[in-house]
Amino acid sequence: IWDQWSQTAHNYNARSAKAVWKSCKGTGLTIATLFHEAHTCGWKRTEPYTPPSQAQIEARRRDVEARQSIEGRERAKRGQQAAQKADWILGQCQMETHAYLQSKGWPELKGLVWRPDEETNLLCIPMLINGQLSSLQMIDRNGAKKFLTDGITAKAEFLLDAHGTDWWVEGWATGWSLKLCLQALKLPYRIHICFSANNLKRLAHSGFVAADNDTSKTGEKAAIDTGLPYWISEVEGEDINDLYRRVGLFKASQILRKWLQSQRVNQANGSI
């Protein structure tokens, strides 16, 4: 019934209709609930329902596919323009210290800083897909983050590569803190900064995850969904940068060392 009713819309999309119906499952909603709510809000069936013919369905499907094809080409064009703008911005950047880096525990560390005007300085993190620049993450002095408009961010990452084990993290500061800990342990690494929990879930395929222990549990859920072993702080609201700033590099690296040892034991016992 839901699918038949959805087909009366000019922009019907079978996949979208199915996804919306799936989202109702487990909520107690049924098609009867939806009809009841519609009636409550004043909707009345004034004439018998006539399902669309197969020819009408096919015509609508072709219209939707044509529209989606045009929209896809337009998105790709805007994405390409955003990548070109990202490249231009990086060309304007200077290596400077930044208030965000200072707030994360590195007052002397320099990064790519762009000054679009006299009042603004933005720390810029390149975002790459298969090694090709696609967008930027820009961070202001207060730590507010935004992506370049129209830049493609799905499956984009920034890599800290020392030709070692794959590690997957959400944020740049988390990745840099992890890098310092692994360097202190003299362990090679290949740290993938994924910029979001959803992107981490899309990208992670081997190695380990260093998850954020955010209060929403979004970071841990994404780590679990990867199927990979993951480290997470015992302190709610803490990521590895918070740990680094709370206890210092030595203690943070030793906490990570003990966790890695436990993973080796688990692997030897066939637990993971």
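Each reported figure results from applying straightforward, stated rules to the coordinates on display, with no laboratory input. What you see is a predicted model; the values in this text were computed from it and never measured. Please note: Cβ atoms are built from the backbone with ideal geometry, for glycine as well, and neighbour counts cover all protein chains shown.
Taking θ as phi - 60° and the Karplus parameters 6.51, -1.76 and 1.60, the scalar couplings of the stretch 190-206 work out to 9, 9, 9, 8, 9, 6, 6, 5, 5, 5, 4, 5, 5, 8, 5, 9, 7 Hz in sequence order, x denoting glycine and proline. Across 147, 250, 195, mean-square fluctuation computed from a Gaussian network of the chain (C-alpha pairs under 10 Å connected) peaks at 250. Within the shell of other residues whose beta carbon sits under 15 angstrom from the beta carbon of residue 105, the net charge comes to +2, with Lys and Arg scored +1 and Asp and Glu -1.
Counting charges near residue 184 (Lys, Arg +1; Asp, Glu -1) among other residues having Cβ under 11 Å from its Cβ returns a value of +4. I want to make sure I understand the PRE zone here: with the label point 7 angstrom from the Cα of residue 162 toward its beta carbon, which residues in the stretch 174-208 have backbone N atoms less than 16 Å away? Backbone N within reach: 174-193, 208. Around residue 134, which amide H atoms from residues at least 5 apart in sequence, or from another chain, sit under 5 Å from its own amide H, with H modelled in the peptide plane? Counting only residues 5 or more places away or on other chains, the set is 127, 128, 129. Dipole magnitude for the chain: about 560 debye, using +1 per Lys or Arg Cβ and -1 per Asp or Glu Cβ, origin at the Cα centre. The residues neighbouring residue 164, those whose beta-carbon lies less than 11 Å from its own, together hold a net charge of +1 under the Lys/Arg +1, Asp/Glu -1 convention.
Once the Cα atoms are used to define both axes, helix 31-40 deviates from the longest principal axis of the chain by about 70 degrees.
Does the stretch 167-272 come out rounded, prolate or oblate by the C-alpha gyration tensor, with a ≥ b ≥ c the root eigenvalues, rounded set by a/c under 1.5 and, if not, prolate when a/b is larger than b/c and oblate if not? It is rounded, given that a/c, with a ≥ b ≥ c, falls under 1.5.
From most to least packed by mean Cβ count within 10 Å, the peptides 162-172, 55-65, 96-106 give 162-172, 96-106, 55-65.
Across the stretch 246-260, coupling constants 3J(HN,Hα) worked out from phi with the 6.51/-1.76/1.60 Karplus curve, θ = phi - 60°, read 6, 10, x, 4, 4, 5, 4, 5, 6, 4, 5, 4, 4, 5, 4 Hz, and Gly and Pro carry x. Just want the answer: with Cβ charges of +1 for Lys and Arg and -1 for Asp and Glu, which residue in 103, 173, 120 is farthest toward the dipole's positive end in the chain? Going by the Cα projections, it comes out as 173.
For residue 106, no residue 5 or more places off, or on another chain, has a built amide H under 5 Å of its own. Let's test the formula: R0 of 25 Å, r as the Cβ-Cβ distance of residue 34 and residue 67. What FRET efficiency results, to the nearest 0.05? So, using R0 = 25 Å, E works out to roughly 0.45.
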